[in-house]
Amino acid sequence: AKRRVKVAVTGAAGQIGYAILFRIASGQMLGPETEVELQLLELEQALPALKGVAMELEDCAFPLLKNIVLTSDLNTAFKDANYVVCVGSVPRKEGMERSDLLKINGGIFTAQGKAVEKSAASDVKVFVVGNPCNTNALIAMNAAKGIPSDRFFAMTTLDENRAKAQLALKAGVDVSSVKNMTIWGNHSATQYPDFYNALINGKPVTDIITDTEWLKGDFIKTVQQRGAAIIKARGLSSAASAANAAIDGIYNLVHETPAGQTYSMCLASNGEYGVDKGLIFSFPCRTEGGKIKIIEGIKHNEFGQEKFKLTLDELRGERDAVKSLGLI
Ligand code: NAI
């Protein structure tokens, strides 16, 4: 018999929701042996639109999709959920004060963390996409103290995929030959896409791409600012690629990682690489025997150390800000 799981998705009627739900339901996230029940959360006013999305899901006749729940109630959405994918949030808008942004999301993610603790399955994994995703995950984790902190994740998979694509284009190689492309730190413009420790066909990137100025300059800038470039070109923020990254990210968490490889994931530090315990930081990770572990021992040169410190300081600042607002 196939395994069956419940997947809750918040902000399900939004752009990313419209791209991710079909891929979850088709089996691309959890594999062909896992049946899924979707439990979709939206704001009251978006429930009619969500109904339309659910009609389309039905019309796909996905063999693995066994049930769809539509709700604006947190505990209904998270009831017995094995996966909670937090897409809905309030990203920063033009002219919005940082403290206002943190307060709004603080409210959302405190309530969601509490509801996860109260209603979700005992093996729940929480994967935060909605921005600022590291700090939103931090808030949810702190609001759900009854759940082990190693069940909370935030997404840097899109940054990792973007970085792989840029390296492959520059080197003129297939994108699948780029491995271990770690994003360190925050999913923000301070992230460090660590080309020094990434591999192309098993060799250091810097052996293949000798234009170090490009790597240190335009490459990092392109990855850091890709989101803004998409908005400029499309008039809307990246959605299909973000949904694809969430599928990849959760796939990585729940499937064994091939030998010698790592993936990028934001999760609570236990002090690795000098990152404060409990900070949600993007690290190189592997899934082994069903366990997710941070890979230690990767070295940074002076350039890397500087970039690392920048993104770590930013995340410390975000944590201190939510702390001073009493959110954690
Ligand atoms: P969107 O605005 O199209 O959809 C968001 C949906 O969430 C809306 O339908 C809204 O009604 C719903 N929503 C808002 N607050 C909610 C709440 N408290 N409970 C339930 N639903 C709620 O936005 P889109 O494009 O789907 O993006 C979603 C989030 O993902 C944004 O915060 C965006 O910044 C973030 N993002 C993160 C990326 C990453 O790499 N981590 C990449 C791309 C986007």
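Helix 47-59: angle to the longest alpha-carbon principal axis of the chain, degrees 0 to 90, nearest 10?
Value to nearest ten degrees: 80.
With charges only on Cβ, +1 for K and R and -1 for D and E, what is the dipole size of the range 196-328 about its Cα centre, in debye, rounded to 20? Could you put the intermediate results ahead of the total?
Details: 16 positive and 16 negative charges, 58 e Å.
Taking the Cα centre of the range 196-328 as origin, the dipole is about 280 debye.
On each of the three principal axes of the Cα atoms of the range 151-292, give max minus min coordinate, whole Å, ordered largest first.
Between the extreme Cα coordinates on each principal axis of the range 151-292 lie 37, 36, 28 Å.
Mind giving me the nanometre distance, one decimal, between the label points for Arg98 and Asn75, set 7 Å out from Cα along Cα→Cβ?
For Arg98 paired with Asn75, the spin-label model returns 3.7 nm.
So, counting K/R as plus one and D/E as minus one, what does the shell of residues with Cβ under 14 Å around Glu296 add up to?
Residues close to Glu296 contribute a combined charge of +1.
Which lysines have a Cα lying under 22 Å from the Cα of Lys114, excluding residues fewer than 8 positions away in the same chain?
Lys6, Lys79, Lys103, Lys125, Lys145, Lys277, Lys323
Over the range 37-98, give the accessible area per residue in Å² for a 1.4 Å probe, as an integer.
On a per-residue basis, the range 37-98 sits at 54 Å².
How do Trp214, Trp184 rank by accessible surface area computed with a 1.4 Å probe, from largest to smallest?
Ranking Trp214, Trp184 by accessible area, largest first, yields Trp214, Trp184.
Using helices alone, I'd like the mean residue ellipticity at 222 nm for the chain: each DSSP H run of four-plus residues gives -39500 (n - 2.57), total over residue count, nearest 500.
Calculated mean residue ellipticity at 222 nm is -12500 deg cm²/dmol.
Ignoring ligands, DNA and RNA, what percent of the accessible area of the range 5-150 is carbon or sulfur (1.4 Å)?
C and S atoms contribute 54 percent here.
Counting only heavy atoms of the protein chains, get the accessible area per residue of the range 228-313 (1.4 Å probe) and round it to a whole Å² value.
Dividing the accessible area of the range 228-313 by its residue count gives 48 Å².
What is the distance in Å between the Cα centroid of the range 50-99 and that of the range 217-288?
Computed from Cα coordinates, the inter-centre distance equals 21 Å.
How large is ³J(HN,Hα), in whole Hz, for each residue of the range 90-102 in order, when computed from phi with the Karplus curve 6.51 cos²θ - 1.76 cosθ + 1.60 and θ = phi - 60°, using x for Gly and Pro?
10, x, 5, 10, 2, x, 7, 6, 4, 5, 5, 4, 5
Carbon-plus-sulfur fraction of the accessible area of the range 216-328, 1.4 Å probe, in percent?
51 percent
Given H placed 1.01 Å from N in the peptide plane, which residues other than close sequence neighbours of Gln39 have an amide H under 5 Å from its amide H?
For Gln39, whose amide H was placed from the backbone, the distant partners under 5 Å are Val7, Ala8, Val9, Val69.
Using R₀ = 25 Å, calculate the FRET efficiency as 1/(1 + (r/R₀)^6) where r is the Cβ-Cβ separation of Glu213 and Glu296; round to 0.05.
About 0.25, to the nearest 0.05.
Answer rounded, prolate or oblate for the range 208-311, using the Cα gyration tensor with square roots of eigenvalues a ≥ b ≥ c: rounded when a/c is under 1.5, else prolate when a/b is larger than b/c, else oblate.
oblate
Rank by packing, highest mean first: peptides 119-129, 246-256, with packing defined as the count of other Cβ atoms within 10 Å averaged across residues.
119-129, 246-256
Starting at the first residue of the range 148-160, write each ³J(HN,Hα) from the Karplus equation 6.51 cos²θ - 1.76 cosθ + 1.60 with θ = phi - 60°, in whole Hz, x for Gly and Pro.
The phi angles translate into x, 5, 7, 9, 10, 9, 10, 9, 10, 5, 5, 5, 4 Hz.
Given the convex hull of the Cα atoms of the chain, what is a quarter of its surface area in nm²?
16.6 nm²
The values are calculated or read from the model by the stated rules, or taken from the named source; none is laboratory data. Note that the structure is predicted; figures quoted are calculated from it, not measured. When we count neighbours, we look across all protein chains shown, and the Cβ atoms used for this are built from the backbone with ideal geometry, even at glycine. In case anyone asks, the SASA skips ligands and DNA or RNA and just uses the protein heavy atoms, side chains included. Shrake-Rupley method; radii C 1.70, N 1.55, O 1.52, S 1.80 Å.
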